[in-house]
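Trainee: A single structure is presented below for examination.
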Amino acid sequence: MSADKTYKFYLRIVLPSILAISLFVISFFVIIIPAFEKNMMERKKEMINELTCAAWSVMEEQDELYKADSISLEEAQEQAANVIGTMRYGDQGKDYFWIINMEPSMIMHPYRPELNGTDLSSYADPEGTLLFREAVKRVRERGEGYIQYIWQWKDDSTRLVPKLSYVKGYPEWNWIVGTGIYLEDVKHEITNLRKHLIRISLLIILIIAIALFYIVRQSLRLEVKRKLAEKDLKLSQLKYKSLVEASTEGTIMMLRRKIIFANVKFARMVGKSTTEVQQLAFEALFDISWGEVMRKFTDPDRSVSLETNLLGGDDQIREVVISVSRVDYVGDEGYIVVCKDISRQKRLEIGTANLTQELQMALLLMNQSVRHFVREHVTCSADTKVSEAAALLKRKDQEVVFVENNGLIIGVVTKGDFLARVLATGMDPLSPVAGVMSSPVICIQEDALVYEAILLFKNHTVSHLLVKNLQGEDIGAIAYLEVLKMQQNTLNLVLKEIAMAGSIGELEKINDRTPVLVNALLESGDKTGNINHIITSISDALSQRMFELLLEKFGPSPCNFAFIALGSEGRKEQTLSTDQDNAIVFEDVDKATLEKAYGYFGQLARELNTGLSRVGFRLCKGEIMAMNPRWTQPLSVWKEYFTGWITNSDPQSILDSSIFFDLRCIYGDCTLVTRLISHIHEQTDHQAVFFQHQANPIIKSRSRVNLFGGIISDQETSESKMIDIKKIQRPIIGLARIYALKHKLEETNTLKRLEKLYQMQVLGRELYEELTQAYSVLMKLRLRFQARAELNNLPPDNMVDISELSAIELTTLKKVLSELGNIQTKLSFDFKGSV
């Protein structure tokens with residue numbers, strides 16, 4: 001065994017043994033012996049208590065004779081004093097009792113007869129304790145009690161030692177009887193007891209040590225044998241484990257009908273971890289039994305290929321081809337099973353080709369000249385009557401008429417103008433048309449591109465543009481509605497398809513096109529903000545349609561409600577790797593309606609979240625979903641939740657609730673969400689602790705760039721170096737959220753929050769530009785790797801392989817990461833000292 005392994009063995013076996021013995025010794029001297037000593041002292045005190053009561057009973061007995069007129073009081077007291085004076089106990093028969101009265105005066109003392117009849121009120125021991133007055137005080141207060149003082153050693157008046165006495169009063173005679181123990185005796189007994197216990201403990205320790213030595217010696221021998229056997233097995237395990245992990249397809253290894261290895265790709269295909277896969281049976285993963293696979297092996301040296309179905313963790317069934325090969329595994333028969341998805345890959349390939357073609361066509365049309373959409377324009381003079389201009393529009397079947405004066409077009413009148421400015425106001429139809437025209441007329445050159453026309457339509461809020469040729473002559477007009485029909489891009493088509501979908505299955509197929517759409521937009525150079533918006537628009541539409549389908553099934557809700565998105569969807573920043581974060585808030589109702597509401601929304605939410613999972617949105621591992629009863633509550637309960645999160649000074653509680661502060665209404669009565677947001681803004685006033693705890697995790701987060709300028713990875717192997725882009729984005733998202741809450745912004749999107757904060761001069765220009773650029777770079781990387789994973793039939797995540805980045809991308813990423821320190825500086829300056 002190597003020195004390192006020997007060290008680990010001793011650390012694992014020997015050290016705990018030594019610690020066990022040490023704990024026994026410590027507990028023996030710190031707990032057991034003091035407990036014995038305490039118990040011994042208590043027994044001694046109990047003994048003198050009982051003995052004093054025995055002496056007291058003598059006085060009671062004599063008093064009974066006096067009360068029966070058998071003897072006089074003096075005779076009774078004298079006989080009692082004589083009897084008690086002769087009473088002895090102890091090993092040497094020298095321990096005694098004494099009697100005083102309440103004055104105090106000595107009635108009887110067997111070893112100090114010179115004190116009998118004397119006043120003891122000023123009698124003190126060598127340390128100044130007025131012991132007899134203390135005895136009287138105890139009796140007056142409680143009728144009995146203990147006193148400690150210095151007294152002579154039994155009958156030896158030359159030796160003074162500490163003594164503990166118990167005294168008890170006899171009120172009929174105003175007498176006090178007492179006796180005591182010498183603490184020297186107790187200490188001597190305790191010392192003897194301690195020595196005895198120590199001898200026993202040493203014997204026990206010796207026995208334990210011998211037993212432990214034997215156990216450790218045997219364990220060491222077994223460990224050596226186990227290591228030798230392990231070494232032989234490990235060589236074989238490494239060989240096949242490496243083979244499984246290195247496979248580019250989903251791969252598992254079977255041994256004795258059990259899965260012993262599974263690679264990451266296969267685990268992702270079934271939506272589980274590799275450890276979880278190894279705990280499953282083959283039949284739990286495939287729509288075929290292992291026995292059927294074995295029956296296909298007619299030649300041990302040849303592989304077997306079979307088509308079957310893979311049972312995924314999301315209850316989806318995928319068509320797959322499995323290839324099974326037999327291998328030798330440490331003298332046993334093992335099997336390598338390679339699994340390839342042949343269903344979704346085909347759909348994605350077809351979808352990619354079709355959607356890419358659609359997008360390319362849309363982009364081509366957007367870059368065409370507007371001359372292709374020019375239509376003849378109708379004109380009239382400025383003094384034309386309103387009624388005549390309207391008749392002209394009807395005759396020419398046009399939407400607008402352009403008004404000219406001296407050969408120049410000076411205005412335009414639409415059908416809507418005739419309705420709003422003539423009919424609605426009761427204007428005289430014989431009035432000149434110049435009185436209802438809009439001016440000036442917005443013009444565009446015939447060689448301008450379609451996207452330029454769209455910008456003019458939106459910027460000037462007009463329905464028609466007058467088109468001029470290169471010589472400045474009017475040649476016609478183009479209508480916004482016609483351009484809009486042409487400009488119906490794939491997103492609008494997708495949203496229309498979602499709105500018309502009649503089942504969850506249809507919604508699932510539509511959502512499969514999202515990765516292809518995102519990938520095409522990335523390749524076209526579109527802004528990440530637009531791409532996030534497209535993904536969120538599709539997600540919102542899917543959720544809304546899902547609600548419509550479920551409301552048809554469950555019927556009307558018992559009260560008004562709102563379905564709210566949280567986290568990334570609440571910020572309109574969804575990616576292709578997003579789980580569900582949502583909730584339901586409904587209006588406050590009476591108790592009877594409340595019970596109905598809980599039942600109705602509970603069933604609705606379960607089907608909603610399950611349906612969204614089928615469509616492609618993972619269930620939240622933290623169960624922050626409407627199907628969790630905690631997150632489907634009336635408005636008043638939600639207000640209590642937020643009040644608790646905001647006013648709670650527990651940092652972890654505030655941190656865990658951050659996701660709820662990015663909330664947005666998706667469906668239903670959005671005024672409920674507006675009221676909830678207003679409540680949040682009211683509660684955050686003067687809550688410096690809340691903002692500090694929100695800022696602290698960002699301030700304390702470690703830099704992702706090391707001293708040598710290299711990027712610190714989250715996962716690293718010999719072949720890859722992975723970083724979690726989502727984690728890197730969190731400081732930017734967190735900063736935007738904190739300042740948005742601080743300044744009561746209703747906007748939830750990170751980029752729009754940053755823009756608003758810049759406009760409010762909360763952020764400087766330089767920091768604003770750095771943050772927006774950093775966010776966009778990180779989001780683009782995140783989306784690109786997710787889209788690629790989807791197109792390669794792998795579940796998307798937030799990990800990016802640094803080794804796959806180009807030199808320019810890597811340099812840009814390093815610059816972005818190094819600039820994130822400015823976030824910590826800003827937050828630290830504004831919030832660190834705010835409490």
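Trainee: Loop only per DSSP, at most 16 neighbouring Cβ atoms within 10 Å: give me the GluC sites (Glu not before Pro) in the stretch 729-800, ordered by residue number. Please list the in-between numbers first.
Mentor: Details: sites: 746, 747, 755, 766, 769, 770, 790; in loops: 746, 747.
For GluC sites (Glu not before Pro) across the stretch 729-800 that sit outside H, G, I, E and B with at most 16 neighbouring Cβ atoms in 10 Å, the list reads 746.
Trainee: While we're here: Quick one: 3J(HN,Hα) in Hz for the stretch 275-285, Karplus 6.51/-1.76/1.60 with θ = phi - 60°, rounded, Gly and Pro as x.
Mentor: In residue order, the calculated couplings are 5, 5, 4, 5, 8, 9, 7, 4, 5, 7, 10 Hz.
Trainee: So who's got an amide H within less than 5 Å of the one on residue 667, skipping anything under 5 residues away but keeping other chains? H placed 1.01 Å off N, in plane.
Mentor: 563
Trainee: Related question: Angle, helix 750-759 long axis vs. longest principal axis of the chain, Cα atoms, 0 to 90°, nearest 10?
Mentor: Roughly 80 degrees between the two axes.
Trainee: Let me ask something additional. Starting at the first residue of the stretch 591-604, write each ³J(HN,Hα) from the Karplus equation 6.51 cos²θ - 1.76 cosθ + 1.60 with θ = phi - 60°, in whole Hz, x for Gly and Pro.
Mentor: 4, 5, 5, 4, 4, 5, 5, 4, x, 5, 6, x, 5, 4
Trainee: Regarding the chain, what whole-number volume in Å³ per residue does the convex hull of its Cα atoms give?
Mentor: 370
Trainee: I want the local charge near residue 634. Using Cβ-Cβ distances under 15 Å, sum +1 for each Lys or Arg and -1 for each Asp or Glu among the other residues.
Mentor: Numbers: positive: 591, 596, 630, 639, 675; negative: 587, 588, 590, 595, 640, 669.
Local net charge: -1.
Trainee: Here is a follow-up. Using 18 Å as the cut-off for backbone N distance, which residues of the stretch 249-267 belong to the label zone defined by a point 7 Å from the Cα of residue 720 along Cα→Cβ?
Mentor: 249-252, 262-267
Trainee: List the aspartates and glutamates whose alpha-carbon lies under 13 Å from that of residue 67, not counting same-chain residues fewer than 8 positions away?
Mentor: Leaving aside aspartates and glutamates fewer than 8 places away in the same chain, those within reach of residue 67 are 75, 172.
Trainee: In the chain, which Cys residues have no partner Cys with a Cβ closer than 4.7 Å?
Mentor: Those would be 53, 339, 380, 443, 559, 620, since no other cysteine Cβ in the chain comes under 4.7 Å of theirs.
Trainee: Compute the distance in nm between two label points, each set 7 Å from the Cα along the Cα-to-Cβ direction, one at residue 289 and one at residue 375.
Mentor: 7.0
Trainee: Once the cut-off is 15 Å, how many percent of the Cα-Cα pairs in the stretch 17-89 end up in the long-distance tail?
Mentor: 69
Trainee: With a cap of 13 neighbouring Cβ atoms within 10 Å, and only residues DSSP puts in a loop, list the trypsin sites (Lys or Arg not before Pro) found in the stretch 592-625.
Mentor: Filter output for the stretch 592-625: 621.
Trainee: Provide, as a two-decimal number, the C-alpha radius of gyration of the stretch 97-173 over 2.2 N^0.38 Å, N being how many residues it has.
Mentor: 1.04
Trainee: Which far-off residues, 5 or more places away or on another chain, put their amide H under 5 Å from the one on residue 95, with H placed in the peptide plane?
Mentor: Answer set, sorted by chain and number: 89.
Trainee: Same structure again: The stretch 603-681: percent of C-alpha pairs farther apart than 22 Å?
Mentor: Summing the P(r) of the stretch 603-681 above 22 Å gives 30 percent of all pairs.
Trainee: Averaged per residue, what accessible surface does the chain expose to a 1.4 Å probe, in Å²?
Mentor: Averaged over the residues of the chain, the accessible area is 52 Å².
Trainee: What residues have an amide H closer than 5 Å to that of residue 705, excluding those fewer than 5 places away on the same chain, when H is modeled at 1.01 Å from N in the peptide plane?
Mentor: 712
Trainee: On average, how much area does the Cα convex hull of the stretch 263-307 cover when viewed from any direction, in nm²?
Mentor: Projected area, direction-averaged: 3.8 nm².
Trainee: A further question on this structure: Name the residue farthest towards the positive end of the dipole of the chain from the options 220, 585, 116, assuming +1 on Cβ of Lys and Arg, -1 on Cβ of Asp and Glu, about the Cα centre.
Mentor: Comparing the listed Cα positions along the dipole, 220 ranks first.
Trainee: How much of the calculated P(r) for the stretch 686-835 lies past 21 Å, in percent of all Cα pairs?
Mentor: On the way: 5311 of 11175 pairs.
Result for the distance tail: 48 percent.
Trainee: Follow-up question, since we're still on this one. Can you give me the relative contact order of the chain as a percent, contacts being Cα pairs under 8 Å and 6 or more apart?
Mentor: Once divided by the residue count of the chain, the mean separation gives 7 percent.
Trainee: Are there trypsin sites (Lys or Arg not before Pro) in the stretch 663-746 that DSSP marks as loop and that have at most 10 other Cβ atoms within 10 Å, and which are they?
Mentor: Values: sites: 664, 675, 700, 702, 704, 721, 726, 727, 737, 742, 744; in loops: 702, 704, 744.
Taking the stretch 663-746 and a limit of 10 other Cβ atoms within 10 Å, the loop trypsin sites (Lys or Arg not before Pro) found are 702.
Trainee: Just tell me which lysines come within less than 23 Å, Cα to Cα, of residue 225; anything on the same chain fewer than 8 places away is out.
Mentor: Partners found: 5, 8, 234, 239.
Trainee: Over all directions, how big on average is the projection of the convex hull of the alpha-carbon atoms in the stretch 675-757, in square nanometres?
Mentor: Values: hull surface 29.6 nm².
Approximately 7.4 nm², given one-decimal rounding.
Trainee: Let me ask something else. Could you give the angle, 0 to 90 degrees to the nearest 10, between helix 386-396's Cα long axis and the longest principal axis of the Cα atoms of the chain?
Mentor: In the chain, helix 386-396 runs at an angle near 80 degrees to the longest axis.
Trainee: Could you state the per residue volume, in Å³, of the convex hull enclosing the Cα atoms of the stretch 748-835?
Mentor: 134
Trainee: As a test of the formula, what do you get for the chain when each DSSP H run with n ≥ 4 contributes -39,500 (n - 2.57) and the sum is divided by the residue count, at 222 nm and rounded to the nearest 500 deg cm²/dmol?
Mentor: After summing the helix terms and dividing by the residues of the chain, the value is -16500 deg cm²/dmol.
Trainee: Could you state the angle between the C-alpha long axis of helix 671-683 and the longest principal axis of the C-alpha atoms of the chain, as a value from 0 to 90 degrees rounded to the nearest 10?
Mentor: Tilt relative to the chain: about 50 degrees.
Trainee: List the extent of the Cα atoms of the stretch 413-506 along each of their three principal axes, largest first, rounded to whole Å.
Mentor: 60, 41, 19
Trainee: Applying the Karplus parametrisation 6.51 cos²θ - 1.76 cosθ + 1.60 with θ = phi - 60° to the phi angles of the stretch 796-806, what ³J(HN,Hα) value in whole Hz is obtained for each residue in order, glycine and proline being reported as x?
Mentor: Once rounded to whole Hz, the list reads x, 9, 9, 8, 10, 7, 4, 5, 8, 7, 6.
Trainee: Pull up the DSSP beta bridges for the chain and report the antiparallel fraction as a percent, rounded to 5.
Mentor: 90
Trainee: Longer than 23 Å from Cα to Cα, which of 721/814; 265/621; 44/187; 394/496; 385/415; 721/815 are they? Say none if no pair is.
Mentor: From 721/814; 265/621; 44/187; 394/496; 385/415; 721/815, over 23 Å: 394/496.
The values are calculated or read from the model by the stated rules, or taken from the named source; none is laboratory data. Computed from a predicted structure; not experimentally measured. Note that each Cβ is placed from the backbone with ideal geometry, even for glycine, and that neighbours are counted across all protein chains shown. Calculation scope for accessible area: heavy atoms of the full protein, side chains included, ligands and nucleic acids excluded. Shrake-Rupley method; radii C 1.70, N 1.55, O 1.52, S 1.80 Å.
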